Each structure stands twice: as structure tokens, then as C-alpha cells.
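This report refers to the structure that appears directly beneath it.
The values are calculated or read from the model by the stated rules, or taken from the named source; none is laboratory data. The structure displayed is predicted, hence computed values, not measured ones. Note: ideal-geometry Cβ built from the backbone for every residue, glycine included; neighbour counts use all protein chains shown.
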Amino acid sequence: MRRWLTLVDGPQTLGHGVAFWLAFCAIVLGAAVLPAFVDAFLITNLTYFMVWVFMALGLSLIWGYAGILSFGQTAFFGLAGYTYGVIGLNLGDAGLWTWFALLISLVLPAMLALVVGYFMFYGGVRDVFVGIVTLSITLVFETFMAQTAGPEWTIGTARLNGFNGMSNMPPLTFPWGDSPLVFDGPPFFWLVLALVVLVYVGLRILVNSRFGNVLVGIRENPDRAEMLGYNVRLYQLAVFVIGSVLAGMSGVLYTLWGSYITPSSMGLTAAALPIIWVAAGGRKDITATLLATVFLTWLSQQLAVKGNQYALIWMGAILLVVVMFAPEGLFVTVWQKLRDRRRMRRVATAPETVSFPSG
Amino acid sequence: MTFLVEAYAFFYQLADSFAFLVLCGLGLAIIFGMMGVINLAHGEFIMCGAYVTVLSARAGVPLPFAMLCGTLAAGLVGLILEFLIIRRLYHRLFDSIVATWALSLIATQGMLIVAGPSIEGLKTPFGSFELGAYSFSVYRALLPLIALLLLGALYWLFMRTRFGIHSRATIQDPNMARALGANTSRIYSQTFTLGAALAGLTGALYAPTITAVPTMGQAFIVQSFVTVVVSGADVMLGLAPSAAVLAFIQSLLTRSYGQLIGQIGLLLTVIVVVRVLPKGISGWALQRNGGR
């Protein structure tokens, strides 16, 4: 256990040491007590920003750490959302059924990712063709769900409703005597916050473990990794499944958050958003991805609320500037610059303590 | 007689679909084949061509010249973007995809802000002809011919001109081509411009048959993608067969199950083709003949 915990800091993640973790704890604690001080609207909003984090972290893992460009995150997002919708509408909020629906909504994307990943990685589909296959799958899902408007597209009592999507799913409910605990408002906020912390710390451990180091090795040179005896395809499959389940988690939480899901949440524009967040923050680091996702969803919402239509233009422009001038990502670039400068200063002020290894 | 009419109706749909896929795919395929850049803003070049055509035709320019304007406008935009952005990303495949995607978002939303959700369309020229119970548009019946003519013109361009020789040499081995005096960076720039202009021409040709909306690029890019992936990198060899096969699949499915199922059929075909023939039809043909 302790050995695992030491892996939260390592070569594959930025940010370590006492100061970083103190700040981390302060932010999490501050967020946790926030519902006592601010109004419900802000809490709902903050929940919304955090809902997207899982999908972005999943993409960071797949694209940034393993070097596989997947455009399919929103397909798993949508699959999970629709699964929760169908099961939730059929079984209602009695007993533990909503948790069952949540579980199945994560299992289905995992299974789809397993099939698609096996098809791709064991079938020799590489590089840019992975992007094409995943994008095609996303578009198939969107197109298929968009044509389910007719009454014949009904699963149990749940109508799929074509382009308008599904709505009125029950929130997560935990039976608790006479007054069941409904995860809505602050409880839902705490649940999502806890999940973000759990997934973030878990991913830090994962990418700094042997698994993560091998992933980075595969990203840098798949052939070399294979020559060294690693089963490249198995690692790629595993990381694809993990990333897709995370996208699914975002999908379920999004469906729970707004109690609706539509085909356009999978379409081309929707599929571009995770790419933008991850690329803008820095795809090779999960902390940068997390910060960028929260910041950019906040920014697009601010721009949309102000009533102008410039949100997508700004997103596009940010993406373009980052790709051109800071290909490692904005947050990562700034972070590294600051760290280098601090190191330089340390070297400059204390030259006698610096020793170079000989030989 | 009824059977013949039915057969012609199917053939008409097939040819229409074929023309659409060829015209959509051309610009994307040329850029992809030459420099391996997947231009996700391809649909927006098509939109640009359509908008300029519609606007200039409504300003009183005769339709063929309006179409020329649309083509040139898209080509010009391509030339500028190549110089400012694409040129810096040639060795970074993923980044070039992401950057063109960003351009696509900016262009779509920008056009929405500038020109509104849709603009008044043009009348389709030449009217229509009747056959049995059906009525066919003359203009749409002409498009397959235009598509074939374009393929012929490109064949001439790549096989018979100096530009063609230089560009084929650049595809084969850019360093060697440079050593032998081909100006590869100019060829890249010319190719990107040509691809953008062809996309503009597609938009211009379809402008009289559709309502131009800012998001129209998305409808075009999926079809373009599908055609190019199935075709593979060699445009001259793969594009026409790929469009023919896909048009057949699409017409069949559309006829029996509706347009959206036809679309899904295309996408599923691509997934299978990527798995079975990762280099597309042209890669497969070249391999069979002991080529590259």
C-alpha cells in the first residue's frame, strides 16, 4: 500500500513535493466546504465543469501517455449516457437500481472499447487510421441515434427520441429509511468531487507505475518497446479501455447532471472539445489536462452566457495557437519555464553546491 | 419499359452518388496523397466555394463565372493558410490534423456570425426531364460527367506536365526530388492550393442544388473522408473505383432503408476497409503489381 502511494509522485507527472500536495489538499477541502457558503446555482455549475474532467483525463492517458490519437471519446460518452437513460427510465429510482444503471453504463463502454480496441490494435490498425476508425464509430453512433425518432425505437418503456434525445432520467438514489438520499445539488457535487480526486490520484499512481512507464516507452517508439519484449498491443488495448471507461463516466455523470442526453453530444463538434482541452493544457500531463478542462469549460460557458457566439471561435483559436506555438500544451509549457527559471536561479545563487558527476 | 425506367432511376442515383463522392474526395485526396496531411478543414473549403458562388451569382455574375469565383476564392484561402499555418506542421502529422480541425471550427462558427444561419439559394439551372413516373434534374445528371472530366484533367496534370512530374517525384522521395532540383516546398504549397481550389469547385458545383449553411462542411467532410480512406494515397488509381464501390453501397442502402442508414453503411465500410486494406484500393492494387 505504501509502495503504491509513493507512486503519486514520479517522472510521468508534473507537480510534486510538500507545497504541491498542500495546495492540492487546500483546493479539495475548499471545494468540499463550498456548498455551505455559496448558492446552489454556482454549485451546479461547478459540478458541470468537473463532469467533463474524466473524459479529458481518459484522452490524456490514451493520446498523451500512449500516443494513440482517438476521436472516439464522445462515442463512449454517448453510449454510457444512453445506457443510463434506458436503464434508469425502465427501472426507476427504487432500491439500488440507479446504482445498477450506473454500473452497467460503465461496463458497456468497457466492453465496446474491448471489442473496438481488439479490432484495431490486434488487427494492425495504426497511427492516423486509429483516428479514422474511432471518428467513424463516433459518427455512426450519432447518425444512428439521430434516426431513432419513431415510436418503434423504444427499449422497454424508454423512447430514444431521435435528435431530441432522452430526458427525465432519475437521479442517483440511495435508500435510507423513509427519506432516501437523493444525489442532487450538493450531494451530487460531493460525489463528483470525490470521483475527480479518486480518479486523479489513481491515474497519477497508474502513470508513474511500471505500466505508465511502459506506455511512455511505447509512445516514444513502439517498435523499440516491442523489441524489448513488451506486448505493445496488450498495453494499447488496456489503455484504450481505461480511457474509454473514463469517457463513459463523464457520459453518465453528464446525463445525471442535466437529466438528458442527445445525439449531438457525440457529433463532430462535441468530439473536438476533449481534443481541445487536452491539447491546450498539455496532453502528456494529467494535472495540466485537469486544469485546462475546468478552465476551458468555464470559459466556453462564460462566453456562451454573455450571449455572443464566439465561444467556439475562441476554442478553435486557442487550439490553433497552442498547436503552433506551444505544442506541449499551454500549462505544461508555462510550468516547465517556471521550473527551469527556478533551477537556473538556484544554480546562479549557490554555485559551490553544484557538482557534476564525473565520467 | 417500367423496368428500364426503374433501372435508369437506380443508375441515376448511383451516378449522382458517384459524382458527389468523387468531387468531395478529390481535394482531400490530393493533399493527403502528396503530403500526408489530413485536412479536416476540407469541408469548410467546400463551404467557402459554395458561399462565394451563391453570393456572386446573386450579385449578377453569370453562374459559370460565379463558380469560377468560388473556386478561386477557396484556392486563395488555401494558399494563405498553407503559408501561415500548414507549412509549419508538415512533420507533425497529429498536430496538422488538430490544427485543421481548429480551422474548421473557426470557419464554421465565423461564417455563422458573418452570414447568419443560412443564405438564400440559387435556382438549379437547366430544369428537369421526365421519364415514366420520375422527374430527373438535368443539372444533376450532368455532374457525373463533370466529375469524370475533372478526373481526366487531373490525370493530364499529373502525367503530362512539369508540375505533375515534379510532384510525383516529390511523393516518391522528397529528398531526392530536392536534390535533383525540384522546389518541393513550392510544390507542397501549389498542391495545397490546388486541393483547396478543388474543394471550392465542389462547393461551387453543388451550390445551385443545396441551401448553403455554415455547417454544410460537416456533411461533406464525412463523405470525402470515406472516399479517400477507401481510395488510399494514390488519387489517380484509387479514387474512381473507391467512389464507384461506395456509391453502389450507399445507393443500395439509401433506396431500401433511407439516407441515414446509407450514411451508416458508408462509415461501417470504412471501418472494415481500414482493417482489411489499410492502404486502400490503390495501395492494394500497387502491392499486387509488385509496386511500392
* To do: For the stretch A:269-359, please list each of the helices (runs of 4 or more DSSP H) lying entirely inside it that holds at least 2 residues being at pLDDT 90 or above, of a type outside the set (S, T, N, Q) and farther than 30 Å from B:MET216 by Cα.
  => A:286-305
* Quick one: in the stretch A:122-136, of everything that is buried (at least 20 other Cβ atoms within 10 Å of the Cβ) and of a type in the set (Ser, Thr, Tyr), which residue is modelled with the lowest pLDDT? => A:SER136
* To do: Determine which single condition A:LEU234 fails, assuming it passes every other condition in (1) closer than 29 Å to A:THR134 by Cβ; (2) surrounded by 16 or more Cβ atoms within 10 Å (Cβ to Cβ).
  => (2)
* **Which listed residue is touching a residue at least 24 places away in the same chain (Cβ under 8 Å), buried (at least 24 other Cβ atoms within 10 Å of the Cβ) and in a helix (DSSP H, G or I), from B:LEU72, B:LEU21** => B:LEU21
* **Every residue from the stretch B:168-187 that is more than 21 Å from B:ARG88 (Cα to Cα) and surrounded by 14 or more Cβ atoms within 10 Å (Cβ to Cβ)** => B:ARG168, B:ALA169
* Check on A:LEU14, within 14 Å of chain B (Cβ to nearest Cβ) and not in a helix (DSSP H, G or I) -> no
* Asked: Scanning the stretch A:179-217 for residues that are touching a residue at least 24 places away in the same chain (Cβ under 8 Å) and small (Gly, Ala, Ser), which turns out surrounded by the most Cβ atoms within 10 Å (Cβ to Cβ)?
  -> A:GLY212
* Of the conditions (1) within 28 Å of B:SER242 (Cα to Cα); (2) touching a residue at least 24 places away in the same chain (Cβ under 8 Å); (3) in a helix (DSSP H, G or I), B:ILE38 clears all except one; give me its number. => (3)
* Asked: Hey, among A:GLY64, A:GLY30, which residue is closer than 30 Å to B:PHE94 by Cα and out of contact with any Ser or Thr (no Cβ under 6 Å at 6 or more places or on another chain)?
  -> A:GLY64
* Exactly one condition in (1) crowded, with 24+ Cβ neighbours inside 10 Å; (2) under 23 Å from A:MET324 (Cα atoms); (3) over 12 Å from the mean Cα position of the chain (by Cα) is not met by A:THR289; state its number. => (3)
* In the stretch A:116-136, the residues that are more than 7 Å from chain B (Cβ to nearest Cβ), more than 15 Å from A:LEU234 (Cα to Cα) and of a type in the set (A, V, I, L, M) -> A:VAL130, A:LEU135
* Kindly establish whether A:LEU139 is within 11 Å of another protein chain (Cβ to nearest Cβ), out of contact with any Ser or Thr (no Cβ under 6 Å at 6 or more places or on another chain), in a helix (DSSP H, G or I) and at pLDDT 85 or above. => yes
* Return yes when A:ALA158 is buried (at least 16 other Cβ atoms within 10 Å of the Cβ) and at pLDDT below 85 and no when it is not. => yes
* **Some residue of the stretch B:119-133 being touching a residue at least 40 places away in the same chain (Cβ under 8 Å), surrounded by 13 or more Cβ atoms within 10 Å (Cβ to Cβ) and under 16 Å from the mean Cα position of the chain (by Cα)** => no
* The lone exception for A:GLU152 - which of (1) surrounded by 20 or more Cβ atoms within 10 Å (Cβ to Cβ); (2) within 14 Å of chain B (Cβ to nearest Cβ); (3) assigned to a loop (DSSP other than H, G, I, E, B) it fails -> (1)
* In this structure, is B:GLY164 surrounded by 13 or more Cβ atoms within 10 Å (Cβ to Cβ), free of Cβ contacts under 8 Å to residues at least 40 places away in the same chain, in contact with a helix residue (DSSP H, G or I) (Cβ under 7 Å, 6 or more places away or on another chain) and more than 14 Å from chain A (Cβ to nearest Cβ)? -> yes
* For the stretch B:272-288, which residues satisfy the criterion of being buried (at least 22 other Cβ atoms within 10 Å of the Cβ) and either closer than 15 Å to A:GLY123 by Cβ or within 12 Å of chain A (Cβ to nearest Cβ) (or both)? -> B:VAL273, B:VAL274, B:GLY280
* Structure fact -> Scanning the stretch B:233-259 for residues that are modelled with pLDDT under 80 and within 12 Å of another protein chain (Cβ to nearest Cβ), the one nearest to the chain's Cα centre (by Cα) turns out to be B:ALA233
* To do: Would you point out the residue of the stretch A:1-50, among those that are polar (S, T, N, Q) and within 15 Å of A:PRO187 (Cα to Cα), that is surrounded by the most Cβ atoms within 10 Å (Cβ to Cβ)?
  => A:THR47
* Structure fact -> A:ARG233 meets each of (1) within 17 Å of the chain's Cα centre (by Cα); (2) modelled with pLDDT under 95 with one exception, condition (1)
* To do: Could you check, for the stretch B:146-156, whether at least one of its residues is assigned to a loop (DSSP other than H, G, I, E, B) and within 27 Å of B:LEU194 (Cβ to Cβ)?
  => no
* **Candidate set: the stretch B:188-232, residues that are surrounded by fewer than 22 Cβ atoms within 10 Å (Cβ to Cβ), in a helix (DSSP H, G or I) and of a type outside the set (S, T, N, Q); chosen: the one nearest to the other protein chains (Cβ to nearest Cβ)** => B:VAL222
* Asked: In this structure, does A:LEU256 turn out to be under 17 Å from the mean Cα position of the chain (by Cα) and either within 19 Å of A:GLY64 (Cα to Cα) or among the hydrophobic types (A, V, I, L, M, F, W, C) (or both)?
  -> yes
* Among the residues of the stretch B:252-271, is any of a type in the set (D, E, K, R) and closer than 19 Å to B:ALA15 by Cα? -> yes
* **Single unsatisfied condition, A:LEU191 versus (1) within 30 Å of A:TRP63 (Cα to Cα); (2) among the aliphatic types (A, V, I, L, M); (3) touching a helix residue (DSSP H, G or I) at 6+ places or on another chain (Cβ under 7 Å)** => (3)
* Structure fact -> Scanning the stretch B:88-119 for residues that are more than 11 Å from chain A (Cβ to nearest Cβ) and either touching an Asp or Glu at 6+ places or on another chain (Cβ under 8 Å) or assigned to a helix (DSSP H, G or I) (or both) gives B:ALA115
